[in-house]
């Protein structure tokens, strides 16, 4: 009995498709992040999907004047800014904001060791606005009470 092998044409089309997708991925640039008009660097790019925008928590929170900590024993990620404290766990939509149990719209997840949170979580915790500018492939975060003055803003 002869093993079933794919047709040569199917194999060629699949290989060509994979090559084109790989080249596009290799040549694409990841979305950038701007917090209050300043571009911030992150070793993990934001993730944008139809369901929303997900940001690397530590770099965004620190740029916004907050502190993010991780407790490896419990897996808890704690975000503090002023009197606001958010405690959450990757993979769980249940969290605690200022001592009150809440349900996040989307559970945090990790990418290459970085906790990613939905833009809605940043908005809910700090009252910040988070939007994705698809034209410029950029996530823009604005914190309440911050006025960007002087030099031109990093956004269009």
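The values are calculated or read from the model by the stated rules, or taken from the named source; none is laboratory data. Predicted model, so just to flag it, every value in this text is computed and none were measured. Here the Cβ positions follow ideal geometry from the backbone for every residue, glycine too, while neighbour counts run over all protein chains shown.
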Check: If you go through the stretch 40-75 one residue at a time, how many are at negative phi and assigned to a loop (DSSP other than H, G, I, E, B)?
Finding: 13
Check: Within the stretch 54-74, can one find any residue that is loosely packed, with under 10 Cβ neighbours inside 10 Å and modelled with pLDDT under 90?
Finding: no
Checklist line | Flag if residue 31 is within 27 Å of residue 126 (Cβ to Cβ), loosely packed, with under 10 Cβ neighbours inside 10 Å, under 16 Å from the mean Cα position of the chain (by Cα) and modelled with pLDDT under 90 | finding: no
Notebook entry, point to check: Does residue 119 qualify as being within 11 Å of the chain's Cα centre (by Cα), at positive phi, in contact (Cβ under 8 Å) with a residue 40 or more places away in the chain and surrounded by 14 or more Cβ atoms within 10 Å (Cβ to Cβ)?
Noted result: no
Check: Does residue 85 satisfy the condition of being surrounded by 14 or more Cβ atoms within 10 Å (Cβ to Cβ), under 17 Å from residue 50 (Cα atoms) and at pLDDT 85 or above?
Finding: no
Next item on the list: Examine the stretch 107-114 for a residue that is at pLDDT 90 or above, surrounded by 12 or more Cβ atoms within 10 Å (Cβ to Cβ), assigned to a loop (DSSP other than H, G, I, E, B) and under 14 Å from the mean Cα position of the chain (by Cα), and state whether such a residue exists.
Entry: yes
Next item on the list: Name the residue, out of 78, 49, that is surrounded by fewer than 20 Cβ atoms within 10 Å (Cβ to Cβ), closer than 14 Å to residue 118 by Cβ, out of contact with any helix residue (DSSP H, G or I) (no Cβ under 9 Å at 6 or more places or on another chain) and free of Cβ contacts under 8 Å to residues at least 24 places away in the same chain.
Entry: 49
